[in-house]
Amino acid sequence: AEYNALNGVEGQYVHAIDAKAQALKESGSPVGQEILQLETGLGILRSRQKEIREAVFAGEFARNAAEDALDVLGSAGNLATWDMLGGGLLVDMAKHEKLNEAQHHVDELQERLRRFRTELADVSMRSDLHVNLDGFPRTADFIFDGLFVDWTVSDQISQSKSQVENVRRKIASVLPRLEEIQRNLDAQIAAEQKRLDELVKNTVL
């Protein structure tokens, strides 16, 4: 019964603190000016925090796309090797199915990289995250099936894997920097918020 009687007290306390802070700001006192400065600073920090979080999310999204593309390109590469050793029509068809899937993942990676670059620009970080992979010569491979064409396809898959792996490494190098900035911002916001709360609570109107 005593616990139920306290229902809503926390909300009332928060409301009272907000009202006191507003009264102090309207008083024009030095404390009121300091509260205004702290609130303005916290607003800037929280805006920066939001941008960093969005950049981290976009980076993780792009990294996942790169890893998906690498997995499929790895399978396509294995099938291409088998095809050069005389795998036959079924292997050739399986290889092309994987190449189609790989192209889909690469297209998805391109889109996510564009988003990541945009988010990095918002937090004033430069990047050279690009992957430009031409379509695989699937039609030629079917029509002119032979060791030379098979080798060409295999070599292109290998080059594509290298490009995607290079992009994945670059993403992996950027994310820790963003996460460190995020941790520092979180700590700074917590410290500034604590300072603001104590200033409001300890000041007598």
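The values are calculated or read from the model by the stated rules, or taken from the named source; none is laboratory data. Model, not experiment: these values are computed from the prediction. Because the Cβ atoms are built from the backbone with ideal geometry, glycine has one as well, and the counts that use them run over all protein chains shown. Keep in mind that these areas ignore ligands, DNA and RNA; they rest on the heavy atoms of the full protein, side chains included. Shrake-Rupley method; radii C 1.70, N 1.55, O 1.52, S 1.80 Å.
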Under the condition of being more than 18 Å from PHE61 (Cα to Cα), open to solvent by 50 Å² or more (accessible area, probe 1.4 Å) and not in a loop (DSSP other than H, G, I, E, B), which residue from segment 116-151 is modelled with the highest pLDDT?
TRP151
Out of (1) under 32 Å from the mean Cα position of the chain (by Cα); (2) modelled with pLDDT of 90 or more, the one GLY32 does not meet is (1)
Does GLN156 count as at pLDDT 90 or above and open to solvent by less than 90 Å² (accessible area, probe 1.4 Å)?
no
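So that you can scan it fast, the table gives a plain yes or no per residue for (1) part of a helix (DSSP H, G or I); (2) in contact (Cβ under 8 Å) with a residue 24 or more places away in the chain; (3) within 18 Å of ASN64 (Cα to Cα):
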site	(1), (2), (3)
ILE157	yes, yes, no
SER162	yes, no, yes
LYS170	yes, yes, yes
LEU185	yes, yes, no
Sole residue being more than 26 Å from the chain's Cα centre (by Cα) and of a type in the set (S, T, N, Q), chosen from SER162, SER173, SER154
SER154
Positions within segment 20-31 being in a helix (DSSP H, G or I) and surrounded by 11 or more Cβ atoms within 10 Å (Cβ to Cβ), in sequence order:
LYS20, ALA21, GLN22, ALA23, LEU24, LYS25, SER27, VAL31
